[in-house]
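> One structure follows; several queries about it will come next.
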Amino acid sequence: MVEPLRNTFELEVPQEHAFSTWTQRIDQWWPRTHSWSQNPGLEVVLEPHLGGRLFERTPDGTEHEWGEVTIWDPASTFGYLWHLKADRTDASDVTVTFEALAETRTRVSIEHVGWERLGADGLDWHDTEMGGWLDLLPHYLQAIERERIEGIRA
């Protein structure tokens, strides 16, 4: 069994703000290098409902699916199947939880599991995704900080 990937960090913003930055404003912070096409003009779309798609849309209208929303509980939790550049049957599971610690402080916890679906390639995918999270999260944190400074609210 391959261990889950887990990331936990705290933010100086309300829970609703942390959630909406991740979900409603994902296109503003998601790096284009973490995509199917890596097209600098692509749009990242997260459909905000159970069964919603997570995908990219290139300037010419081509869509590449990355995942499907499996948990939708605004401002608390959302989860999705993750299959960027893989078949949906090989998808892993990501759950992101936003826990209010105070009125303006939130703990974000990420758990990424399901590597056994990938068989012998599970450990390699795990290690690749670990690097992906390390590259991705600073973009989210920078967006939170930028929004805090600019006074953007949920």
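Values in this text are rule-based calculations from the coordinates and carry no lab data. Just so you know, these numbers come straight off a predicted model, no measurement behind them. Heads up, the Cβs are rebuilt from the backbone with ideal geometry, glycines too, and the neighbour counts pull from every protein chain shown.
> Between His64 and Glu150, what's the calculated FRET efficiency when r is the beta-carbon distance and R0 is 25 Å? Round to 0.05. Before the final figure, lay out the partial values.
On the way: r = 31 Å, r/R0 = 1.22.
The formula returns an efficiency of 0.25 here.
> So for the chain, what are the equivalent ellipsoid semi-axes in whole Å, largest first, each being the square root of 5 times an eigenvalue of the Cα gyration tensor?
Values: eigenvalues 120, 74, 39 Å².
Semi-axes from the Cα gyration tensor: 25, 19, 14 Å.
> I would also like to ask the following. Please list 3J(HN,Hα) in residue order for the stretch 81-96, calculated via the Karplus relation 6.51 cos²θ - 1.76 cosθ + 1.60 where θ = phi - 60°; whole Hz, with x for glycine and proline.
Couplings: 6, 10, 9, 4, 6, 9, 6, 4, 5, 9, 5, 9, 10, 10, 10, 10 Hz.
> Within the stretch 1-89, report the trypsin sites (Lys or Arg not before Pro) that DSSP leaves as loop and that have at most 11 other Cβ atoms within 10 Å. Walk me through the intermediate numbers first.
Working: sites: Arg6, Arg25, Arg32, Arg53, Arg57, Lys85, Arg88; in loops: Arg25, Arg32, Lys85.
Counting only loop positions with at most 11 other Cβ atoms within 10 Å, the trypsin sites (Lys or Arg not before Pro) in the stretch 1-89 are Lys85.
> Right, here's the next one. Taking the simple approach of a point 7 Å from Cα along Cα-to-Cβ for both Asp73 and Leu137, what is their distance in nm?
Modelled inter-label distance: 2.2 nm.
> Projecting each Cα onto the charge dipole of the chain (Lys/Arg +1, Asp/Glu -1 at the beta carbon, about the Cα centre), which of Ser20, Met1, Thr89 comes out farthest on the positive side?
In the chain, that residue is Ser20.
> Can I ask one more? What full-extension length gain, to one decimal in nm, is calculated for Gln28 and Phe9 as 0.36 nm per residue of separation minus the Cα-Cα distance?
Values: separation 19, 0.36 × 19 = 6.84 nm, distance 2.04 nm.
Stretched fully, the Gln28-Phe9 segment lengthens by 4.8 nm.
> Restricting to Cα pairs below 8 Å that are 6+ residues apart, what does the relative contact order work out to for the chain? Please round to a whole percent.
Answer for the chain is 29 percent.
> Let me ask something additional. Quick one: what are the phi-derived ³J(HN,Hα) couplings along the stretch 21-30, Karplus 6.51/-1.76/1.60 with θ = phi - 60°, whole Hz, x for glycine and proline?
So the J values, rounded to whole Hz, are 5, 5, 8, 7, 10, 4, 5, 7, 10, 5.
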